[in-house]
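Scroll down for the structure; my scribbles are underneath it.
What follows is calculated from the coordinates using simple rules that are stated; it is not laboratory data. Computed from a prediction, not measured in an experiment: that's the story for all the values here. Reconstructed Cβ throughout: ideal geometry from the backbone, glycine too, with neighbour counts over all protein chains shown.
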Amino acid sequence: MNPYDLAQKVKRIRYLLLDVDGVLTDGGIYYSSSGDEYLRFNVKDGQGIELLQEQGYKIGICSGRMSEIARRRAEELGIKDVFLGASSKLAIYEQIKATEGLIDEEIAYIGDDVNDIPVLEKCGLAVTVSNGSREVRRYAHYVTRAPGGRGAVREIIDLFLTILRKYPKATSTYHSRR
């Protein structure tokens, strides 16, 4: 996608929906000998999420796995829309659209695997990470340079913020249509 078309898509975005495993994390699940689960999150991704929220964007996370660690990270970042153990990410996406009064063009989604494809096909800006599955790349408008859990989310947020600075009147603060 050329830079102009990408900027036009970004200017319409009001809501950023993120997968967790492989996007906010590096995709690894670490277990201790006592069975405790550990996930690795990127601090710069978290800072970016806070910066984007300060600009009025809403952010949600959606994962097919239940993870109290992901719930805790979302809470730390002030993310209120947390959907874990989602059997259908598309159903969650449609629920967000209805609840927030959004249209497809106002939602960006970052996913990395085949279970993300139904949402990537519908959303206004479909993003995958550099280490996302080959199949998912076919549906993405943008592929990050950074891998999941290693700054990919921050890369997209920096893109949003750059476009917001360049076109301040084109990208307004998020307002629900409820």
**Message:** If the reach is capped at under 25 angstrom between alpha carbons, list the lysines near Lys44, excluding any in the same chain fewer than eight residues apart.
**Reply:** Lys9, Lys11, Lys58, Lys80, Lys166
**Prompt:** Over its Cα atoms, what ratio of radius of gyration to 2.2 N^0.38 Å does the stretch 3-166 give?
**Reply:** 0.96
**Prompt:** What is the stretch 104-160 by shape, rounded, prolate or oblate, if you read a ≥ b ≥ c off the alpha carbon gyration tensor as root eigenvalues and call it rounded for a/c under 1.5, prolate for a/b larger than b/c, and oblate otherwise?
**Reply:** oblate
**Item:** Förster radius 45 Å - calculated FRET efficiency between Ser33 and Thr162, Cβ distance, rounded to 0.05
**Value:** 0.50
**Prompt:** According to the square roots a ≥ b ≥ c of the eigenvalues of the Cα gyration tensor, what is the shape class of the stretch 37-128, taking rounded for a/c under 1.5, prolate for a/b larger than b/c otherwise, and oblate for the remainder?
**Reply:** oblate
**Asked** Between the stretch 32-64 and the stretch 118-137, what's the alpha-carbon centroid distance in Å?
**Response** 18 Å
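In deg cm²/dmol and to the nearest 500, what is the mean residue ellipticity at 222 nm of the chain if only DSSP H runs of at least 4 residues count, each as -39500 (n - 2.57), divided by the residue total?
-11500 deg cm²/dmol
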